[in-house]
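Report on the following structure.
Since every read-out is calculated from the coordinates, none of them should be taken as a lab result. Because the structure is predicted, anything quoted here is derived from the model rather than measured. Note that we place each Cβ from the backbone using ideal geometry, even for glycine, and neighbour counts take in every protein chain shown.
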Number of protein chains: 2
Amino acid sequence: MTRVEDLDTPALVVDLDIMGANLRRVQDYCSSHGLGLRPHTKTHKSIGIARRQLALGAVGLTVAKTGEAEVMLGAEPRDLLVAYPVVGDAKVRRLASLAAIGGSACKLTVSVDSLECGQRLSDAAVAAKVQLGILSEVDVGLNRVGVSASDAVAFSKLVAAMPSLEWRGFAFYPGHIKSQDPEKIAALSRTVGGLRAEFEAAGMTPEIVSGGSTPALYHSHEVEGLTEIRPGTYVYNDLNTVFGGGCELGDCAAYVLATVVSTSRPGQMIIDGGSKTFSSDKLSSGGPGHGRVMEAPGALFHKMNEEHGFVDLSGVERGFRVGEKVRVIPNHVCVVMNLHEYVYGVRNGVVEEVWRVDARGKLQ
Amino acid sequence: MTRVEDLDTPALVVDLDIMGANLRRVQDYCSSHGLGLRPHTKTHKSIGIARRQLALGAVGLTVAKTGEAEVMLGAEPRDLLVAYPVVGDAKVRRLASLAAIGGSACKLTVSVDSLECGQRLSDAAVAAKVQLGILSEVDVGLNRVGVSASDAVAFSKLVAAMPSLEWRGFAFYPGHIKSQDPEKIAALSRTVGGLRAEFEAAGMTPEIVSGGSTPALYHSHEVEGLTEIRPGTYVYNDLNTVFGGGCELGDCAAYVLATVVSTSRPGQMIIDGGSKTFSSDKLSSGGPGHGRVMEAPGALFHKMNEEHGFVDLSGVERGFRVGEKVRVIPNHVCVVMNLHEYVYGVRNGVVEEVWRVDARGKLQ
């Protein structure tokens, strides 16, 4: 039996009870509102966690990269969405092969926002003798990817007519909307509902209207015409989710277990993780710090080198000694997960499971 | 024959001619000044590159983590320094095992800055029946780890007396000194020279006085009493090295090849790499941007999501189309390297070699 405090560090630890509650809470929310849940696997990148999400009732999975799709086929989803503009000969060929491998067991769908993308996918699907599902990616205000709402129907008609592509609906990512923005959510609902009506008027009833992110997750049912959401972070949560109003601190399932390796400077401790362990992602709220040290909430984890974390203890009553271990909840768990080879699943202080971050570094 | 523009993206590419010149330049500098070069392998994390450094004349290798030491033994160095306070039962046991594996072929040395560290290493070395080399880590102003210069001799006497430890000298990391700081370099020289004299007066002549980083590399010979330096970044260089005055832009050997995946918003392009490809490390100069787009020097790579890079093209004359590939020199190559599985070595536009980032994610 390995207790969590006996793990070598830095170690990425997940509290299994908190994770389980997070998974159930969001699935229950979706089920009670008739929304499909298609978790974005970019957060956990692990086949085993994807299987749990599917077992709880997820309608499918989401990935960003073709390499992630290749990995996540291992979770045996019935429906897999690549929510990213897939560009490049090698990638479209790989995707078409995946569609062939998945066969009738897994429907593969890609979101597109350019005719070039659509044409290349169509060519590859024709060559591989497969059908690829397509969602039109629409920009609803994030200003990242996606055609404008006013162009969406005309664009979709052109893509839908391309050989071996099956148009299934439209997708958007409302990453600019936080839970505290009721007016923005109302505006989003008008945009999405209006768009859906426009598609219907054009004789293209969308099977899928896919949106949703973790920050404004529990307002998804207020968006007219939405059929499914694609949150990722909710499985573990992090400080960004807490400060964005999406959860409480006690809902954060993942933390980095770190060891104090130097206290040579008074009022400071150095822990054995820096930017290669925590990433350099700042809080999206703009606040200071690289994570919350649970053993010393008044401490400020203010600076990092690659393997050194600098924690200012001037606001802390207790002292720390070399060798002591601390738990640090990260700012942004998705990028932290991508830095670690293994995750240690813990219940009541005991390590019950160890799993790989299967799609770590699958950038292509 | 694969040409670089045919690589799938995002891909981490190294220009072999530039890398070769970087490796030779620093080795030549060290040789001409009678300084040992002990490259820090945290930058490349690849056994093959470490072998090249040793073949050119490096006296040994440096690592930060025990897991990196385990990997880098594969490069067959005669002398391997773990420049990090090694804390924790599992790690000291692993290090002692490594010393046993390395045997007489590889001398293993660890830098220590606390008596606790020293005692645990001594216990493990005794148990494994090996000798471990020890360097006293001294803080010369970075305020990170290391005993103070005034405590260094007294501390070293205590550590040197511990069983199965062999005291070899002292180490420091002048990471706070840039090349444009002649007064700080002069002050460092006085500190190091004075410390060396103090050790000699105490009957402890250091075999090794180890310092040096990439930014102030070419001033290392001005530091009195220094026997070796441990730069890492010089193998590839990056924008931080350029802006820190350590090299020219043309000396940057590594870049990320990325593809334009969306141009749906005028004056902007989205490339297929974000914080999981480039890391979120900002420029240490405080300037804006996440990398320099070589095809459009006036472009500002101003924002990232995990897999999306936002490039503002408003200051650029030329346009970009979906599918076009661009080369991006990163801010901080060490953290970028750690995010990629493979590196593509290119000469005259042709891919000559592909190598693994062997110690990627070896955090423990």
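Here are a few things to note about the model shown:
- For region A:235-289, pairs of C-alpha atoms spaced more than 17 angstrom apart make up 53 percent of the total.
- Amide H contacts under 5 Å for residue A:268: A:313, restricted to partners 5 or more places along the chain or on a different chain, H placed in the peptide plane at 1.01 Å from N.
- The mean count of C-beta atoms from other chains within 10 Å of the C-beta of residues in B:130-139, rounded to a whole number, is 1.
- Top of A:182, A:330, A:77 by mean-square fluctuation, Gaussian network on chain A, Cα under 10 Å: A:182
- Considering only B:98, B:122, B:135, the residue lying farthest towards the positive end of the dipole of region B:98-244 is B:98, judged by Cα position with unit charges set on Cβ.
- Tensor-based shape of region A:30-116 (alpha-carbon gyration tensor, a/c under 1.5 rounded, otherwise prolate or oblate): prolate
- Note that region A:193-205 has calculated 3J(HN,Hα) couplings of x, x, 5, 4, 4, 4, 4, 4, 4, 8, x, 10, 6 Hz, one per residue in order, obtained from phi through the Karplus relation 6.51 cos²θ - 1.76 cosθ + 1.60 (θ = phi - 60°); glycine and proline are x.
- Calculated [θ] (222 nm, deg cm²/dmol) that DSSP helices of n ≥ 4 give over chain B, each run adding -39,500 (n - 2.57): -8500 deg cm²/dmol
- Fraction of antiparallel bridges per DSSP, chain B only, in percent to nearest 5: 45 percent
- Nearest-20 debye value, the protein assembly as shown charge dipole, Cβ charges on Lys, Arg, Asp, Glu: 620 debye
- In terms of its alpha-carbon gyration tensor, region A:17-236 comes out oblate; a/c meets the 1.5 threshold, while b/c is at least as large as a/b.
- Total charge dipole magnitude, region A:17-236, about the Cα centre, Cβ charges on Lys, Arg, Asp, Glu only, Debye to nearest 20: 620 debye
- Surrounding net charge for residue B:41, when Lys and Arg each add one and Asp and Glu each subtract one, Cβ distance under 14 Å: +4
- Debye equation applied to the C-alpha atoms of the protein assembly as shown, log10 I(q)/I(0) at 0.08, 0.10 Å⁻¹: -0.65, -0.99
- FRET efficiency, 1/(1 + (r/R0)^6) with R0 22 Å, evaluated for residue A:166 and residue B:342 via beta carbons: 0.05
- Members of A:45/B:178; A:107/B:282; B:282/B:362; A:107/B:276; A:129/B:362 lying beyond 31 Å, as alpha-carbon distances in this model show: A:45/B:178; A:107/B:282; A:129/B:362
- Near the amide H of residue B:110, within less than 5 Å, lie the amide hydrogens of B:82, B:133, B:134, B:135, all on another chain or at least 5 residues away, with H placed in the peptide plane.
- Computed from backbone phi, the HN-Hα couplings of region B:80-97 come to 10, 10, 8, 8, 6, x, 8, 10, x, 4, 4, 5, 5, 5, 4, 5, 5, 4 Hz, rounded to whole numbers (Karplus: 6.51 cos²θ - 1.76 cosθ + 1.60, θ = phi - 60°; Gly and Pro given as x).
- Orientation-averaged projected area, Cα convex hull of region B:232-355 (nm²): 7.7 nm²
- Fewest-first ordering of B:221, B:340 by other beta carbons within 10 Å of each residue's beta carbon gives B:221, B:340.
- Counting other Cβ atoms within 10 Å as a rough exposure proxy, the listed residues B:115, B:313 run B:115, B:313 from fewest neighbours to most.
- Counting only other chain Cβ atoms within 10 Å of each residue's Cβ, the peptide B:99-112 averages 0.
- When Rg and the Kirkwood radius Rh are both evaluated on Cα atoms of region A:112-248, their ratio Rg/Rh stands at 1.02.
- Note on chain B: with a GNM built from Cα contacts shorter than 10 Å, the maximum mean-square fluctuation among B:186, B:160, B:50 falls on B:186.
- With θ taken as phi - 60° and the Karplus curve 6.51 cos²θ - 1.76 cosθ + 1.60 applied, the whole-hertz 3J(HN,Hα) list for region B:289-297 is x, 10, x, 9, 7, 5, 6, 8, x Hz, x standing for glycine and proline.
- Remark on region A:189-237: Rg and Dmax equal 12.3, 41 Å (Cα only).
- Simple rule: put +1 on each Lys or Arg Cβ and -1 on each Asp or Glu Cβ in chain A, find the dipole, and look at A:63, A:293, A:363; the Cα lying farthest toward the positive end is A:363.
- Chain lengthening between residue A:321 and residue A:143 when straightened (0.36 nm per residue, less Cα-Cα): 59.3 nm
- Gyration tensor verdict on region A:282-357 (Cα atoms; rounded if a/c is under 1.5, prolate if a/b is larger than b/c, oblate otherwise): oblate
- Multiplying the residue separation of residue B:126 and residue B:97 by 0.36 nm and removing their Cα-Cα distance gives an extension gain of 9.3 nm.
- The amide H of residue A:292, built 1.01 Å from its N in the peptide plane, has A:329 as neighbours under 5 Å, considering only residues 5 or more places off or on other chains.
- Considering only A:227, A:46, A:176, the residue lying farthest towards the positive end of the dipole of the protein assembly as shown is A:46, judged by Cα position with unit charges set on Cβ.
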